[in-house]
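Engineer: Please see the structure below; I have some questions.
The values are calculated or read from the model by the stated rules, or taken from the named source; none is laboratory data. The structure presented is a predicted model; accordingly, all values stated were derived computationally and were not measured. Here Cβ is always computed from backbone atoms with ideal geometry, including for glycine, and neighbour counts include all displayed protein chains.
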Amino acid sequence: VSPLFKPTMNASSVPNITAVEKTMRHIAIITDVIILILGTSGNGLVMWTIAKREKQKTITSICYLNLAVADFLFSAGRIPALVQEIMYSQWPFGLVLCNRISEVMEIVSMTIYSITLLLGTVGNGLVIFLTGFCMKKTVTTIWYLNLAVADFIFAVCLSLEIISTALENHWPLGRLMCKLDAVIPFLNMFASVFFLTVISADRCISVVHPVWAVNHRTLGRAIQIAIFIWVAASMLSFPYFIFRDTQDFPDGSTQCSYMFGGEDTSGLRNHLSVVKNWKKKKGGL
């Protein structure tokens, strides 16, 4: 029977799938689900609250709104990755339907990436301009500035994903850009979480211990904390830089994916070859 008409496609039907690869795929699915639920609900609540309350229309709330929109789009952008992981690991509805959904998800991915790229660069660029050049340098503006820089870098790097998706996951940008493409989203995630935590702690201290905050809440200390956060986020993102690499295939295409030591990638090659053969056969009909 031709592989095009196999009734199922799951992890057990693809040979040479290592335990590490299975574990990483399960972790990726769980992580994407958590990010999707918490990111969309939390940032959606922030956006709804600011939009509904007229008294919240301040420069600070506008900064919050733009950051919430950027993070909401980032969270929603996990939908294509989540669907692709589920499709590859366990898909009981046949390969033809799998590949048709894959085509739809490519369009959805490019749409979400393009919207996030546009709104993320414009919105966070506006926050960077206001906090970096127009507003007085304070502890609060330092937090907003760094948070906006993290989201701005992530939004700009989405252009790499758009290129890869448009070329059907072919990666023409080289090994270094492949590694950076994996590092930037996690750098943004860690930095954003750390800065949001610091902002919450800073507000709490200012309210609960106002005298101590006046004496110790200085601009220099805020800059030191910001530098520490960037260093910590970079260290936590570094493993993704190590394990991300390019793979060359016999058909001349190059894929950017995670590579673990001693891992056999023939299963991925088989999966990709089946998908490409299906597309070629469909194009010849």
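Table: residues versus (1) surrounded by fewer than 20 Cβ atoms within 10 Å (Cβ to Cβ); (2) at pLDDT below 70; (3) under 21 Å from residue 182 (Cβ atoms).
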| residue | (1), (2), (3) |
| --- | --- |
| 30 | yes, no, yes |
| 41 | yes, no, no |
| 62 | yes, no, no |
| 66 | no, no, no |
| 70 | no, no, yes |
| 107 | yes, no, no |
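Engineer: What number of residues within region 228-250 satisfy the criterion of being outside any helix (DSSP H, G or I) and at pLDDT 85 or above? Outline the logic, then answer.
Structural biologist: Residues of region 228-250 that are outside any helix (DSSP H, G or I), as a first pass: 244-250.
From what's left, at pLDDT 85 or above: none.
Of the residues in that region, 0 qualify.
Engineer: Has region 215-227 got at least one residue that is hydroxyl-bearing (Ser, Thr, Tyr) and part of a helix (DSSP H, G or I)? First the steps, then the outcome.
Structural biologist: Keep residues of region 215-227 that are hydroxyl-bearing (Ser, Thr, Tyr), which gives 218.
Narrowing further to those that are part of a helix (DSSP H, G or I): none.
Taking every residue of region 215-227 in turn, none turns out to be hydroxyl-bearing (Ser, Thr, Tyr) and part of a helix (DSSP H, G or I).
Engineer: Another question, if that's okay. Show the residue pairs that are 6+ apart or on different chains and have beta-carbon atoms under 6 Å apart, the first residue being within region 147-170 and within 23 Å of residue 230 (Cα to Cα) and free of Cβ contacts under 8 Å to residues at least 24 places away in the same chain, the second being acidic (Asp, Glu) and assigned to a helix (DSSP H, G or I).
Structural biologist: Within 6 Å, the pairs are 160/181.
Engineer: Any chance region 164-171 includes a residue that's of a type in the set (A, V, I, L, M), modelled with pLDDT of 85 or more and not in a loop (DSSP other than H, G, I, E, B)?
Structural biologist: No, there is no match, as no residue in region 164-171 is of a type in the set (A, V, I, L, M), modelled with pLDDT of 85 or more and not in a loop (DSSP other than H, G, I, E, B).
Engineer: Give region 72-85 a look and list any residue that's at pLDDT 75 or above and aliphatic (A, V, I, L, M), or say none.
Structural biologist: Correct list: 73, 76.
Engineer: Another one. Could you check, for region 8-23, whether at least one of its residues is crowded, with 17+ Cβ neighbours inside 10 Å, over 20 Å from the mean Cα position of the chain (by Cα), part of a helix (DSSP H, G or I) and at pLDDT 70 or above?
Structural biologist: Looking through region 8-23, none of the residues is crowded, with 17+ Cβ neighbours inside 10 Å, over 20 Å from the mean Cα position of the chain (by Cα), part of a helix (DSSP H, G or I) and at pLDDT 70 or above.
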